[in-house]
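Report on one structure; see the data block that follows.
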Amino acid sequence: MPACERCGGTGFLIVDREGRDYAQPCACRDSGRASGTAGFFAACRVPPRYEHCTLANFDMGTPSLRSALERAMSYCAGYPYLGTDEGLGLLFTGDNGVGKTHLAAAVLRELWERKGTRGQFWDFHELIREIRNSYNEETRTTELQVLEPVVETDVLLLDDLGAWKMTDWMNDTLFYILNSRYIAKRATLITTNYQDADRERVLAADPLRRKEFLVERIGQRLRSRLMEMCLVVNLLGQDHRQARQASNQVALRGSSRLGEPK
Ligand SMILES: [Zn+2]
């Protein structure tokens, strides 16, 4: 099937809505499974707070967010036949509130709606807990069949990687999961608050002023595997929560001024 001339096969057109750019679904999209989104949340384990997230309502308020959305759209359009520079999965990095999980959940949903792809959303902490629970005290081994769905799902979304420090044994188990997915050529989407950097950049950074880097949270072995299996998409933007708070404060100040007796 030739790619649609209007959207180039991504299924979206970038349009201006009240001064902001959004991705609008193109007419070439068939409604497909769109009616059955209720099934999506149960099937893909997407938590309620991310249920509304689609590519179409991702707010690309900065050039960086716009290029992150475009990257996500072309990833979805190409899936599962990804080019050599596309990577098997995507690693979204950026500060809190910038929209990483929105974008990753939207990719999961887009693939489910348009390609029928099975996926699973896992919060990193929840996965760590699952790994811990899968440890058998008597045999002193991990019961890996507990983790089978995480290894075998078509697309794994691992949210907030690095948010918790891992023991060596947890790190080994996480490496096993991600490496098995890599070998089987299954896509993994990851979000993290920690910036990626190679060894030189980590060493060059001012130790007193900098935040921790991803490699310091997850270790060198896991980081190099991730670099082979994911394309890094860095999101730079105004923090949505901060922006909302600031506008609330302006509104509050406005209303209190109105109420003040003169
Ligand atoms: Zn189209």
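Observations
- Remark on LEU90: its backbone amide H falls under 5 Å from those of THR188, LEU189, ILE190, LEU231, a criterion applied only to residues 5 or more positions apart or on other chains, H modelled at 1.01 Å from N.
- ASP206, ASP95, reordered so the largest accessible area comes first (probe 1.4 Å): ASP95, ASP206
- Rounded to the nearest whole Hz, the Karplus-based 3J(HN,Hα) values (6.51 cos²θ - 1.76 cosθ + 1.60, θ = phi - 60°) of the stretch 154-164 follow the sequence 4, 10, 9, 9, 10, 8, 6, 4, x, 5, 10, with x at glycine and proline.
- Per-residue ³J(HN,Hα) for the stretch 180-189, Karplus 6.51 cos²θ - 1.76 cosθ + 1.60, θ = phi - 60°, Hz, x for Gly and Pro: 4, 5, 4, 5, 7, 6, 9, 6, 10, 10
- Amide proton proximity set for TYR135, modelled H, under 5 Å, gap of 5+: GLU143
- Amide H within-cut-off set for CYS4, under 5 Å, with H built and near neighbours excluded: GLY9
- ³J(HN,Hα) computed for each position of the stretch 12-29 - Karplus, 6.51 cos²θ - 1.76 cosθ + 1.60, integer Hz, glycine/proline x: 9, 10, 7, 10, 9, 10, 6, x, 10, 7, 9, 8, 9, x, 7, 5, 6, 6
The values are calculated or read from the model by the stated rules, or taken from the named source; none is laboratory data. Values in this document were obtained by computation on a predicted structure and should not be read as measured data. The protein model used for the area step is the full one, side chains on, heavy atoms only, and it has no ligands, DNA or RNA in it. Shrake-Rupley method; radii C 1.70, N 1.55, O 1.52, S 1.80 Å.
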